[in-house]
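In what follows, a single structure is set out as structure tokens and then discussed.
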Amino acid sequence: MPPLRRPDLVELETLARTAALGTVAAAAAELGVTRAAASKRLRNLEAIVGVALLHRTTQGVTLTVAGQAVLDAARAVLFQANELQATIAEIKRGAGSPDDAAPALRFLGGLAAGPAPSVYASLRDAERLVSEIFHSSPLALAVTEPESGLIADANAAYAELSGIPVDELIGKTFDELGVTAIPDVVQHVAAAVATHGSITRLRAVLHRRGGESRTVEVSSWQSNVAGRPLLFWMLHDVTELQRVELEARGLFALTQHSSNYVSLANLGDKFSLLNAAGRALIGIAADADITAISPLAVLTEETRRWLPEITPVLLETGTWSGRWDFLNLATGEVVPLAVHMLLTHSLGTGAPPLVALVGRPLPTTG
């Protein structure tokens, strides 16, 4: 064990950065030292205090109770050291004239009292809150340096999406990790963000460790943190949504080419979809606005009388089949159809259910 001594500023700064970023690797990358050097600083600090300051897990590190107490005290020391360094730089710029000594005297005069505890408490609470939101968010979040492309931080959701542990992400680039099909993606996105301020919902392909690919929507923006420009990334996995979209497009194409009557309407008496064959059967022009036509208007009066009996069955079972007589609005002709109705729900949106109806023309009886 090294002899007892006062902690060095670099040891306190390493503790502060490790606590803020959640991993030793991230702190080392930000401080510009090796991970081994950062770990040695933390071990020295723990030896001075005599107890563990960090809980170490495979997911990263968190402060112990003693670690939080040391960090709380260290913040004031680091703040004062930064103020002193800024004051010295200010004096040097003025070549040491008597007037230029005033900032230093003001700083030294207030050194004993230090900043108001409430200020430190507010800053500390704000930093903890932001860190907690970032690392606990269900959205995949990452932070990179715009120029080098190095990952400065990432949360558990991003690690899960990419299949790469957080410790292995920190200090690497997306290219090195092989998670993107676009070379130099950080530089391309940084240029776009610099031009437009941000990008939102850009579709891209993310390669997970192991070879699986996922479709993601990417949003990105740049912000300065402690005077350091950083590029923030938010990824939303839309692989399943894309699959549903492709299936819906295929279904829509099939619907449009079907010779049967196919419609989609809500229970509030409004069309959402009516295919070409359906329009022809009931005499609606191909370019007519179907939202202006009530589905009830295309049924005969006798068929409409049956609706109060049909609707409860449809709501209870989700389906109904039978015969309906439609009206051709252009000619007034009655068009009998064998119909099958299906009640559909828009998952997760809370929107009212829709009724999908497929009708097969029946022979008319003279």
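What follows draws every value from the coordinates through simple rules; no lab data is involved. Worth saying up front: this structure is predicted, and the values here are computed from it rather than measured. Cβ atoms come from the backbone with ideal geometry, glycine included; neighbour counts cover every protein chain shown.
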field: Cut-off 9 Å between beta-carbons: net charge of the residues surrounding G163, Lys and Arg +1, Asp and Glu -1
entry: 0
message: Taking amide H atoms as placed 1.01 Å from N in the peptide plane, list the residues 5 or more away in sequence, or in a different chain, whose amide H sits under 5 Å from that of A140.
response: L235
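Ranking I290, I182 by Cβ neighbours within 10 Å, fewest first, what do you get? Intermediate values should be presented prior to the final figure.
Details: I290 18, I182 12.
Ascending Cβ contact count within 10 Å gives the list I182, I290.
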FRET E, pair R305, L273, Förster distance 35 Å, beta-carbon r, rounded to 0.05: 0.85
statement: Label model pair T291, V334: point-to-point distance (7 angstrom along the Cα→beta-carbon line) in nm is 3.4
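Within a Cβ distance under 13 Å of A297, other residues only, what is the Lys/Arg minus Asp/Glu net charge? Walk me through the intermediate numbers first.
On the way: positive: K270, R304; negative: D269, E301.
Local charge sum for A297: 0.
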message: Below 14 angstrom from the Cβ of H188, what's the summed charge of the other residues (Lys, Arg +1; Asp, Glu -1)?
response: -3
